[in-house]
Every structure is written in C-alpha cells, then in structure tokens.
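The values are calculated or read from the model by the stated rules, or taken from the named source; none is laboratory data. A quick note: this is a predicted structure, and the numbers were derived from the prediction, not measured. Quick reminder, even Gly has a Cβ in these numbers, built from the backbone with ideal geometry, and neighbours come from all protein chains shown. Side chains are part of the model used for accessible areas, which takes the heavy atoms of the whole protein and leaves out ligands, DNA and RNA. Shrake-Rupley method; radii C 1.70, N 1.55, O 1.52, S 1.80 Å.
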Amino acid sequence: MRKDSMGHDLDFLAKQYANISLIAIYGMGKLGNELKNILIQMQFENRYSVVYVDQNYKKEKDIKSPEWLLKYGDNNTLVVLAIANDDIRNRFSMILLKKGFSKNNICDINEFYNIILPI
C-alpha cells in the first residue's frame, strides 16, 4: 500500500506555525546559549525575529525581561522554554497560559529541536 502523503508528514505543523513572526527563547543559561549559537549559525534570524528572555535580563543589554514577553508576546509569538528544571519550566508555562498564550505557542527546547526547527 502506498502512502499518499509521503514527505508531507509535518505539513500540518508547518501550517500551525505559519503565522509565527517572533521566536522568544526563554532562559539564557547553558541550554539557551547553546540554542542561540545554533540559531546564529543557521542564520535563523533572517527568517524570524528572535528575542532572548531571562530573569537575569539586567546583566546583558540584548536580553528582554519576562515582563516584556508577557506584555508584547501574542499569538504570533512562539515561546521556547530553554529551562532544564522541570518545575520552573512548568510554572512559567502555566503563567504564559494564564496570560493568554496558546499551548501551540509554547514548547520546550527538545520539542523545538526535534519537531519545530526541522520544519
């Protein structure tokens, strides 16, 4: 039996994320900085606007505060949680949901690497 959608298995995800114009990487520890370096090497910022968000935003000028994300993030924002601690990641995810973000607009770093980035 031949599969008709061969090579198009992720098309529904591509449609889901087609309106994303801003990628917000939350967490600029080891995981966030590794992702930042990968995105720079891929020239990812040529396609999307990328912002980096961390609670320690005062230490670096290019880092936005979590409050900035809650104020300016919208349905066209994909928040990538680059946080190793499950409790903190889950807590911040719940805050985002309470502030009106959709589950489709929040992912952890592994989901971003394995599913979203290849699209």
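List of remarks:
- Residue in the range 1-11 that is open to solvent by less than 60 Å² (accessible area, probe 1.4 Å), at pLDDT below 95 and more than 18 Å from Ser102 (Cβ to Cβ) present: yes
- Residues of the range 53-63 classified as open to solvent by less than 60 Å² (accessible area, probe 1.4 Å) and assigned to a loop (DSSP other than H, G, I, E, B), total: 1
- Hits in the range 64-101 (condition: of a type in the set (Ser, Thr, Tyr) and not in a helix (DSSP H, G or I)): Ser65, Thr77
- Number of the exception - Gly73 against (1) of a type in the set (Gly, Ala, Ser); (2) under 15 Å from the mean Cα position of the chain (by Cα); (3) over 19 Å from Lys36 (Cβ atoms): (3)
- Extreme residue, modelled with the lowest pLDDT, among residues of the range 14-52 that are open to solvent by less than 40 Å² (accessible area, probe 1.4 Å) and among the β-branched types (Val, Ile, Thr): Ile20
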